[in-house]
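Novice: Input: one structure, supplied below.
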Amino acid sequence: MSVIAEFQTPSTAFELGQILRVEQQSSIELETLVPLGEGTVPFFWVYDSSAEPFMESVNEHSSVADATPVDEFEDRTLFKLEWDSQQDILFSGLKASGAQMLSATGTATVWEFEVRFPTHRALSDFKSHCREADISMELIRVFNPTKPGGRRWYGLSEPQREALELAIEMGYYDIPRRCTTKELGDELGISDQAVTERLRRAIVSFINHTVLHQDSARRN
């Protein structure tokens with residue numbers, strides 16, 4: 001049975017974290033990973049950061065072929081990164097273990113990952129890989145995917161569940177909306193940007209553990 005692990009690691013501990021350096025007030029969220037030949041093309045959102053200086057910094061790295069903006073909004077920019085992932089020890093360990101990236105978010109100091117491993121043994125092998133490569137990895141939570149109707153939280157962390165429940169209770173998803181992300185942030189004690197990111201991760205995690213989980217089970 002597959003197992004899902006949430007872990008965090010310093011931004012400086014792996015190649016992609018070093019490439020995607022952001023300022024203290026900024027954050028970054030991996031949107032998707034697209035395999036392309038021997039490499040991997042990530043799409044990622046950068047919040048509250050100047051696009052041009054960030055892009056110049058990313059393109060300085062030898063393993064980067066190109067970094068280009070795809071979409072730009074007032075508070076965030078979507079980038080595409082053509083990058084040689086084979087130079088990244090953390091990502092090579094994930095690939096070797098047959099893992100699937102569910103979500104990844106980063107700041108100037110730390111990245112947090114949610115990853116599905118095919119077995120507990122695969123997770124154990126990945127942890128050994130990180131130790132041998134001197135990659136500092138803090139395991140936050142490990143759990144098995146939950147079938148719909150179960151008592152667990154369908155992959156949601158406690159903060160994600162709290163934010164999602166509060167958003168529903170305060171009418172954030174009503175039409176018209178009855179509250180803003182700033183008001184949700186005031187209740188949760190976090191910034192409105194952090195609320196947006198937390199809700200996004202919660203929805204992605206919920207879909208991965210319900211709708212996509214059912215589709216996968218039917219295919220198998």
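Novice: Limited to region 82-115, what total is found for residues that are at pLDDT below 90, over 30 Å from residue 1 (Cβ atoms) and in contact with a strand residue (DSSP E or B) (Cβ under 7 Å, 6 or more places away or on another chain)?
Specialist: 4
Novice: Here's another thing I want to ask about it. Identify the residue in region 152-208 that is in a helix (DSSP H, G or I), of a type outside the set (D, E, K, R) and in contact with a Gly (Cβ under 7 Å, 6 or more places away or on another chain) and, among all such residues, is modelled with the lowest pLDDT.
Specialist: Within region 152-208, the match that is modelled with the lowest pLDDT is 208.
Novice: For region 64-122, which fully contained strands (runs of 3 or more DSSP E) count at least 2 residues that are touching a Pro at 6+ places or on another chain (Cβ under 8 Å)?
Specialist: 76-83, 110-117
Novice: In this structure, is residue 28 within 25 Å of residue 159 (Cα to Cα) and in contact with a Leu (Cβ under 6 Å, 6 or more places away or on another chain)?
Specialist: yes
Novice: Taking the conditions exactly as written (farther than 15 Å from residue 18 by Cβ and either surrounded by 14 or more Cβ atoms within 10 Å (Cβ to Cβ) or touching a residue at least 12 places away in the same chain (Cβ under 8 Å) (or both)), does residue 113 satisfy them or not?
Specialist: yes
Novice: Quick check on my filter: what residues within region 41-60 are within 27 Å of residue 127 (Cα to Cα) and modelled with pLDDT of 85 or more?
Specialist: The answer is 43, 44.
Novice: Among 88, 134, 174, 125, which is the only one that is surrounded by fewer than 13 Cβ atoms within 10 Å (Cβ to Cβ) and either more than 30 Å from residue 192 (Cβ to Cβ) or in contact with a His (Cβ under 9 Å, 6 or more places away or on another chain) (or both)?
Specialist: Result of the check over 88, 134, 174, 125: 134.
Novice: Restricting attention to region 127-151, report how many residues are modelled with pLDDT of 90 or more and either in a helix (DSSP H, G or I) or in contact with an Asp or Glu (Cβ under 9 Å, 6 or more places away or on another chain) (or both).
Specialist: 6
Novice: All but one of (1) at pLDDT 85 or above; (2) under 24 Å from residue 73 (Cβ atoms) hold for residue 13, so report the exception by its number.
Specialist: Answer for residue 13: the failing condition is (2).
The values are calculated or read from the model by the stated rules, or taken from the named source; none is laboratory data. The model shown is predicted, which means the values in this text are computed figures rather than measured ones. Cβ coordinates were reconstructed from backbone atoms using ideal geometry, including for glycine residues, and neighbour counts include every protein chain displayed.
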